[in-house]
Amino acid sequence: MKIAFFDTKPYDKPCFEQYGRRHGVLFKFFDTRLNEDTAGLAKGFDGVCVFVNDIVNANVIEKLYRYGVRVIALRCAGYNNVDVQHAFGKIHIFRVPAYSPYAVAEHTMALLLTSVRRIHKAYIRTRDFNFSLNGLTGFDLHGKTVGVVGTGKIGRIFIDICRGFGMHVIAYDKFPQPDSDIEYVPLEQLFADSDIISFHCPLTEETHHLLNADTIPTLKKGVVILNTSRGGLIDAGALLEGIKSRQIGAACLDVYEEESDIFFEDVSGHILDDDTLARLISMPNVILTSHQAFLTEEALANIAETTVSNIVSYFKDGFCENELCYHCGSIESCKKERKQKCF
Ligand code: NAI
């Protein structure tokens, strides 16, 4: 089982080499991302292993298919960068549905605490022997209302963390968990009533720009926005305007709409072309991390283990429970429900 591994970072290699060696999967690591220009590198491989910023559109899928590639192993949960519909019938796609929902939920709370207690400011001050407290006044999380959009694995854990802080949690989900203790409300009410809003739903056509120029004015004045899900949930330009108008009190972002050419890379020696991002970063009440929420030792080990196990299951057992296809869930056209390959 020979797999071309794209967009390799130093922290990826040790775990993937270790689990791959153990199960007979040989990874060839490429620093470059997968796109139409680099797809040729996958010639002669059984599969490719990709991450969130690799481009797996129809043209790339056609090329990979011609080169004999039969599996795309995503080493992440989200798959909005893959044309799943186009791959149907040609290339099988696997993902890692959960690696450490705790990692993402805990990072979300870390961002919130950093923001509301001005830790990012205090850290820089004390390193410069500035011990003044002026401008560092925060607010208690206890008693505040947090609105959680998406109550899946990560959202659920974030809810529990917030309850530990004595916060009042309300939530919106297109598919609410039946018989749960979660207080579901319509999205409009969540927007209007929350002091803090945290996004944990996937990026789909429906959730694209949930926060935009029309919905931002409906939020509580001074609301704190948390997004560790996908950048496209928020219209970044509208967010910037919301911050400038003081409607939004703070924003903590681990993801950004146009992150693909910037996040995960050191561009410190370059001029940033994205004026919206540059302006957001310049704001004292915006905290940005570079799609880092998943990055814990536990999550990296789980990602490598599940990715390798997906590949091995497919080639050896002829079925992979983490396969993903255009028809997944609809019994007529996808065979996964019958414990077979999707097509
Ligand atoms: P999940 O699949 O367990 O939960 C997603 C929830 O969103 C489900 O309850 C689902 O019903 C709900 N949902 C679907 N459509 C919706 C809609 N239109 N409106 C409201 N809710 C909707 O996913 P999980 O594991 O909790 O991950 C959530 C998101 O976190 C992923 O989609 C991914 O984009 C992001 N993520 C970010 C990471 C990071 O490092 N920043 C790492 C891992 C995931």
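Go through region 221-235 and count every residue that is touching a helix residue (DSSP H, G or I) at 6+ places or on another chain (Cβ under 7 Å) and more than 16 Å from the ligand (Cβ to nearest atom).
Residues meeting the conditions: 1.
Would you say ARG156 is open to solvent by 30 Å² or more (accessible area, probe 1.4 Å) and within 11 Å of the ligand (Cβ to nearest atom)?
yes
If you go through region 144-163, how many residues are in a helix (DSSP H, G or I) and among the β-branched types (Val, Ile, Thr)?
The number of residues fulfilling the criteria is 4.
So, of the residues in region 252-268 that are away from the ligand (no atom under 15 Å from the Cβ) and either among the charged types (D, E, K, R) or open to solvent by less than 20 Å² (accessible area, probe 1.4 Å) (or both), which turns out to be nearest to ASP195 (Cα to Cα)?
Only one residue tops the list, namely GLU258.
Given the conditions (1) open to solvent by 70 Å² or more (accessible area, probe 1.4 Å); (2) within 23 Å of LEU219 (Cα to Cα), and given that GLY138 satisfies all but one, which numbered condition is not satisfied?
Status for GLY138: all satisfied but (1).
Given the residues ALA73, ALA87, ALA171, ALA98, which is the only one that is without any contact (Cβ under 8 Å) to a residue 40 or more places away in the chain and not basic (Lys, Arg)?
On inspection, the qualifying residue turns out to be ALA171.
If you take the residues of region 65-74 that are surrounded by 21 or more Cβ atoms within 10 Å (Cβ to Cβ) and of a type outside the set (Gly, Ala, Ser), which of them is farthest from the chain's Cα centre (by Cα)?
Applying the filter and picking the extreme gives VAL69.
Hey, any hits in region 301-309 for a residue that's open to solvent by less than 20 Å² (accessible area, probe 1.4 Å) and more than 16 Å from the ligand (Cβ to nearest atom)?
Going residue by residue through region 301-309, those that are open to solvent by less than 20 Å² (accessible area, probe 1.4 Å) are 303-304, 307-308.
Retained after the next criterion (residues that are more than 16 Å from the ligand (Cβ to nearest atom)): 308.
Yes: one or more hits.
What's the total number of residues in region 274-313 that are farther than 30 Å from HIS23 by Cβ and among the polar types (S, T, N, Q)?
So the count comes out to 5.
With the condition kept exactly as written, say whether any residue in region 133-151 is within 15 Å of the ligand (Cβ to nearest atom) and modelled with pLDDT under 95.
No - not one qualifying residue is present in region 133-151.
Conditions tested, residue by residue: (1) open to solvent by less than 10 Å² (accessible area, probe 1.4 Å); (2) free of Cβ contacts under 8 Å to residues at least 24 places away in the same chain; (3) in the same structural domain as ASP12 (by TED's automatic domain parsing).
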residue	(1), (2), (3)
LEU233	yes, no, no
GLN247	no, no, no
HIS270	no, yes, no
THR276	no, no, no
SER313	no, yes, yes
GLY329	no, yes, no
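Specify which of the listed residues (LEU226, LEU190) is under 16 Å from the mean Cα position of the chain (by Cα) and of a type in the set (A, V, I, L, M, F, W, C).
Of LEU226, LEU190, the one residue that is under 16 Å from the mean Cα position of the chain (by Cα) and of a type in the set (A, V, I, L, M, F, W, C) is LEU226.
Residue by residue, here is whether (1) over 25 Å from ARG230 (Cβ atoms); (2) crowded, with 23+ Cβ neighbours inside 10 Å; (3) hydroxyl-bearing (Ser, Thr, Tyr) holds:
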{"residue": "LYS13", "(1), (2), (3)": "yes, no, no"}
{"residue": "GLY24", "(1), (2), (3)": "yes, no, no"}
{"residue": "PHE27", "(1), (2), (3)": "yes, yes, no"}
{"residue": "LEU34", "(1), (2), (3)": "no, yes, no"}
{"residue": "ASN53", "(1), (2), (3)": "no, no, no"}
{"residue": "VAL60", "(1), (2), (3)": "no, yes, no"}
{"residue": "LYS63", "(1), (2), (3)": "yes, no, no"}
{"residue": "CYS76", "(1), (2), (3)": "no, no, no"}
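Of all helices (runs of 4 or more DSSP H) completely enclosed by region 38-127, which ones contain at least 1 residues that are more than 15 Å from the ligand (Cβ to nearest atom) and in the same structural domain as GLU206 (by TED's automatic domain parsing)?
Ranges flagged: 101-116, 119-127.
Tell me whether region 167-178 contains one or more residues that are away from the ligand (no atom under 16 Å from the Cβ), open to solvent by less than 40 Å² (accessible area, probe 1.4 Å) and assigned by TED's automatic domain parsing to the domain that holds GLU241.
Yes, there is a match, as at least one residue in region 167-178 is away from the ligand (no atom under 16 Å from the Cβ), open to solvent by less than 40 Å² (accessible area, probe 1.4 Å) and assigned by TED's automatic domain parsing to the domain that holds GLU241.
The values are calculated or read from the model by the stated rules, or taken from the named source; none is laboratory data. The structure displayed is predicted, hence computed values, not measured ones. Heads up, the Cβs are rebuilt from the backbone with ideal geometry, glycines too, and the neighbour counts pull from every protein chain shown. With ligands, DNA and RNA removed, areas are computed over all heavy atoms of the protein, side chains included. Shrake-Rupley method; radii C 1.70, N 1.55, O 1.52, S 1.80 Å.
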